[in-house]
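So the structure is just underneath, and the comments pick up after that.
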Amino acid sequence: MIKHMVVIIVLLNLVGCKLFQYNSDPKVIANGITIAKPATHSNLAYIWLPTANTGNKALYREAFDNNVINFSKKYNLTNLNPKVQPMFDNFIIEQGGAFNTKTGKLESERVQAAIQFTFNSIKQTYPNIDNLLVIHPKENSIKIVDGTATWNGVEQHVLTRSRDSVEFRPAISIALQYYNDVEKNNFHEVGLDLHAPDLTDNDKYEQILKHILTPIVLLNTKVK
């Protein structure tokens, strides 16, 4: 077996190929996000728009949420998503659904009303909540050069055997809306993943979570 591996490596070198080191974790390269009301507490309130429930996006949502659970434990956050998400979803359902039955598009006014309702409702229980993070998954086609992809403020690598390779692959980004009573249109877009969602890797998105959550929650690694 070892001899076979040596032969393969020699052959790859002879044909001018090389193996790139594989790193499945996205690395944030963007500047920090700033918002009008910076973090004052460790209560994390975020919701997904209904577009996160369709197709492959639902799996990325699940992988992201799994990472949030692990991240919250590590940094002593109170993850309010399990309480906040039903508020948003139920409001949408009571208003007739999130999508226009004729066009299939999101009912933007209805969605914004649901966001405002959710923000007001969560503040009644948690008065210190300053921001509600609204997440919307988006599909991208990105360029990969020599195994490295850079898009929407992140860098990620894939395994390639070609020395000077250029290819395009689908990737997932997340559009973010930092919603508070001062600004309601603070939007950002951050790359999430160009690999298939991994539901077993609970710290894959740690850098991304630090990047997008630092503006709205205090990260504390000390034991409570």
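The values are calculated or read from the model by the stated rules, or taken from the named source; none is laboratory data. Computed from a predicted structure; not experimentally measured. All Cβ positions, glycine included, derive from the backbone under ideal geometry; neighbour counts span all protein chains shown. SASA here: full protein model, heavy atoms, side chains in, ligands and nucleic acids out. Shrake-Rupley method; radii C 1.70, N 1.55, O 1.52, S 1.80 Å.
Observations
- Remark: region 85-95, residue by residue, has Karplus-estimated 3J(HN,Hα) of 4, x, 4, 5, 4, 5, 4, 4, 5, 5, 8 Hz, where x stands for each Gly or Pro and the curve is 6.51 cos²θ - 1.76 cosθ + 1.60 at θ = phi - 60°.
- Were the residues from Asp181 through Asn76 laid out at 0.36 nm apart, the gain over their Cα-Cα distance would be 35.3 nm.
- Using the Cβ of Gly153 as centre and a radius below 11 Å, the other residues enclosed give a net charge of -1, where K and R count +1 and D and E count -1.
- Mean Cβ count within 10 Å, highest first, over the residues of peptides 97-108, 41-52: 41-52, 97-108
- Summed over the residues of the chain and divided among them, the accessible surface reaches 54 Å² per residue at a probe radius of 1.4 Å.
- Within the same chain, aspartates and glutamates fewer than 8 places from Lys27 are excluded, and of the rest, those with a Cα less than 14 Å from its Cα are Glu155, Asp193, Asp203, Glu206.
- Under Karplus coefficients 6.51, -1.76 and 1.60, residue-wise ³J(HN,Hα) of region 179-196 in Hz, glycine/proline x: 10, 8, 7, 9, 10, 10, 10, 8, 10, 9, 10, 10, x, 10, 6, 10, 9, 4
- Cβ-defined net charge surrounding Pro170, 15 Å radius [Lys, Arg +1; Asp, Glu -1]: +1
- Beyond 32 Å in Cα-Cα separation lie the following of the pairs Lys184/Lys204; Lys143/Lys210; Lys83/Lys143; Lys37/Lys204: Lys83/Lys143.
- Percent RCO, i.e. relative contact order, over the chain, from Cα pairs under 8 Å lying at least 6 residues apart: 34
- Available extension along the chain between Asn53 and Ser141 is 29.6 nm, counting 0.36 nm per residue and deducting the alpha carbon span.
- Computed accessible area, Arg169, all protein chains, 1.4 angstrom probe, square angstrom: 70
- Relative contact order (%) - region 74-186, alpha-carbon pairs under 8 angstrom, separation at least six: 21
- Three-way shape call for region 40-103 based on the alpha-carbon gyration tensor, with the a/c threshold at 1.5: oblate
- Cα-based shape type of the chain, given that a ≥ b ≥ c are square roots of the gyration tensor eigenvalues and the cut on a/c is 1.5: prolate
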